[in-house]
Amino acid sequence: MAIKVDISKAYDRVEWSFVWFIMKKLGFCSKWIEWMKACASTISYSVIVDGTPTDFFKSSRGLRQRDPLSPYLFLFCAEGLSYLLHKGEENNLFQGLRLNSRCPTIHHLLFADDSLLFCKATKYNYSNLSQILQLHGRLSGQQINFSKSAVFFSKNTPLPIRTELAASLEVPNIGTQDKYLGLPFIVHRSKKETFAFIKEKVAKKLSHWNKSFLSASGREVLIKAVGSAIPIYTLDCFKFSYTLLDELHRMMIQFWWGQKQNEKKMQWISWDTMTREKNFGGMEFKNLKAFNLAMLAK
């Protein structure tokens, strides 16, 4: 099974002492650690209440979001969890996912405060994994929010075991169509249905812009900067069906010619021509089919 773990207010709850301990164990110089302590602990805050700022006060824990230094310090906190998970598997407390007999096991994927854990769907595995998460929470100050977490089971996991483990986890989301780092967890046989949310996003943007009176140059900028940019991250990871890409192209070309809702307007130039460079009579719109292949080929 795979568990997508949501950490409650991850940056706000980090204990500074835990971060300094991890940095020391990783071999950082004591002087460098003191510099990091000064950066994190000498900050003052003021809250505006009814338009009037209050007196300044200092925090006793947490890492400031949007601070360029915070993501690096938070990685040390995540390194503590990664170490506990490695030791747990070494001591046979749980078993991770193995793709075949010759490859190493995968028991977790971490990206900042987004965590994805893998283990066998047994009560023994989950119980030990839960204890490791609780230990990490006590040390680091972080807290797992199971109400926003999700669990996914393989098809060969019996239904009674799924129900029992989900009840133990207290996770309400069981096998739902969730996302990890903005991408869908499960890609169904029909990719058009799986990535329909991309089409909905583009359609929502275009319908909003249609309410405004835009010049041709304005529509060109919006198609290039937003319409063609929305699917880029997903196109970098998955091969889209040509049917879906054709529909995205059709939506953008209809917007370019000024078509609104069910209104139909003559499209004097094909989309293939409009994707050419301007020197060759085109508008340099992005050809999503070619772009998808190029991103996957890299």
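Points worth noting:
- Ellipsoid semi-axes for segment 80-121, based on the Cα gyration tensor and the rule √(5λ), read 17, 13, 9 Å when sorted largest first.
- Shown are F197, F21, F255, whose ranking by accessible area with a 1.4 Å probe and every protein chain present, most to least, is F21, F197, F255.
- Within the accessible area of segment 1-136, the carbon and sulfur atoms contribute 56%, probe 1.4 Å, all protein chains present.
- Close amide-amide hydrogen proximity is noted between S115 and V5, each under 5 Å apart and 5 or more residues distant or on a separate chain (H modeled in the peptide plane; Pro and chain starts excluded).
- Gyration tensor over alpha-carbon atoms, segment 22-127, equivalent ellipsoid semi-axes in Å: 38, 18, 11
- Exposure ranking of K148, K298, K120, K179 by accessible area [1.4 Å probe, largest first]: K298, K148, K120, K179
- Projected label distance in nm at M266 and E284, using a 7 Å step from Cα toward the beta-carbon: 2.9
- Efficiency of FRET between T52 and F21 - r from beta-carbon atoms, R0 35 angstrom, step 0.05: 0.30
- Here the Kirkwood formula, the inverse mean of 1/r across different C-alpha pairs, assigns segment 1-50 a hydrodynamic radius of 13.7 Å.
- Computed extension gain for N91 through A167, at 0.36 nm per residue and net of the alpha carbon distance, reaches 24.8 nm.
- GluC sites (Glu not before Pro) within segment 213-298: DSSP coil, no more than 15 neighbouring Cβ in 10 Å: E263, E277, E284
- Stretching K204 away from I43 to a fully extended chain increases their span by 53.8 nm, per 0.36 nm per residue minus the current alpha-carbon distance.
- Rg/Rh ratio calculated on Cα atoms of segment 22-76 (Kirkwood radius): 1.10
- Alpha-carbon centroid distance for the pair segment 1-26 / segment 196-210, whole angstrom: 37
- Extension gain from S241 to A294, taking 0.36 nm per residue of separation minus the Cα-Cα distance: 17.6 nm
- With Cα atoms, 0 to 90° folded angle of helix 16-25 axis to the chain main axis: 80
- Note on surface exposure: V226, V19 rank V226, V19 by accessible area, highest first, 1.4 Å probe.
- Debye equation applied to the C-alpha atoms of the chain, log10 I(q)/I(0) at 0.07, 0.08, 0.15 Å⁻¹: -0.44, -0.56, -1.13
- Exceedance of the 19 Å cut-off in Cα-Cα distance is limited, within the set K148/K192; K199/K286; K87/K179; K58/K148, to K148/K192; K87/K179; K58/K148.
The values are calculated or read from the model by the stated rules, or taken from the named source; none is laboratory data. Keep in mind that this is a model prediction, so the values were computed, not measured. For neighbour counting, all protein chains shown are included, and Cβ atoms are generated from backbone atoms with ideal geometry for every residue, glycine included. The protein model used for the area step is the full one, side chains on, heavy atoms only, and it has no ligands, DNA or RNA in it. Shrake-Rupley method; radii C 1.70, N 1.55, O 1.52, S 1.80 Å.
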